[in-house]
1. How compact and how long is segment 54-166, expressed as Rg and Dmax of its alpha-carbon atoms in Å?
2. Starting from 0.36 nm per residue, how many nanometres of slack lie between ARG107 and TYR87 once their C-alpha separation is accounted for?
3. Grab the Cα-Cα distance for LYS138 and ARG164, subtract it from 0.36 nm times how many residues apart they are, and report the gain in nm with one decimal.
4. Whole-Hz Karplus ³J(HN,Hα) for segment 82-89, in order, using 6.51 cos²θ - 1.76 cosθ + 1.60 and θ = phi - 60°, x for Gly and Pro?
5. Using 23 Å as the Cα-Cα cut-off, could you pick out the over-long pairs in LYS90/LYS138; LYS90/LYS161; LYS56/LYS156; LYS63/LYS161?
6. How big is the charge dipole of segment 98-167 about its Cα centre, in debye rounded to the nearest 20, if each Lys and Arg gets +1 on its Cβ and each Asp and Glu gets -1 on its Cβ?
7. Percent relative contact order of segment 54-166, based on C-alpha pairs within less than 8 angstrom and at least six residues apart?
Amino acid sequence: MNEATTTVKSKPAKPVAPVSSIFELPKFDLPKFDLPKLEVPAAFREIAEKGVAQAKDAYERVKAAAEEATDLLEDTYTTAAKGAADYNLKVIEAARANTNAAFDYARELLDVKSFSEIIELSTAHARKQFEAVSEQSKELAALAQKVATETTEPLKSGVTKAFRKVA
C-alpha cells in the first residue's frame with residue numbers, strides 16, 4: 001500500500017507593519033538654536049518693579065473697598081429686612097384693629113331698636129374708622145419713611161466713602 005503523505009509547506013509570514021505607523025506624520029528634528037541671554041537694563045527692571053508694586057497696591061485698595069462694600073450691603077439688607085418686618089407687623093396690627101372694630105360694629109347693630117339708632121351708630125362707626133385709618137396711614141407712612149432713611153443713608157455714605165478710598 002501506498003501511503004500518501006502530504007506535507008503542507010507553510011508560507012513564510014510577511015512582517016505586518018504597525019497600524020499606527022501608517023497614520024503617523026513623519027518626525028522631524030527641529031534644529032536647536034541657542035538664544036542669546038538678554039539682560040534687562042536696570043532702568044527697565046526698576047520701572048517693571050514699580051509697575052508691579054503699583055498694581056499690587058491698587059489691587060489691595062480695590063479689594064478692601066469691595067470687602068467694605070460687601071459688608072455695607074449685608075448691613076443694608078439686614079436693616080431693610082428688619083424694617084420690612086416692622087412694617088408688616090404694623091399692617092397686621094392695623095388689620096386686626098379694623099377687623100375688631102367691624103365685629104364690634106356688627107355686634108352693636110344687632111342690639112339696635114330703631115332706624116335712627118342705625119344711622120347714629122353707622123355715623124359714629126364711620127367717624128371712628130376714618131380717624132383710625134387716618135392714624136394708621138400716618139403711622140405706616142412714617143414707618144416707611146424711617147425704614148427708607150435707615151436703609152439708604154448708610155448705603156449712600158458707605159459707597160461714597162468706599163469710592164473715595166479707591167480713587
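Values in this text are rule-based calculations from the coordinates and carry no lab data. Keep in mind the model is a prediction, meaning the values are calculated, not measured. Cβ coordinates were reconstructed from backbone atoms using ideal geometry, including for glycine residues, and neighbour counts include every protein chain displayed.
1. 25.3, 90
2. Working it through step by step, the gained length comes to 4.2 nm.
3. 5.5 nm
4. Working through the residues one at a time gives 5, x, 5, 5, 4, 5, 4, 5 Hz.
5. In this structure, LYS90/LYS161; LYS56/LYS156 lie more than 23 Å apart at Cα.
6. 800
7. Relative contact order here is 60 percent.
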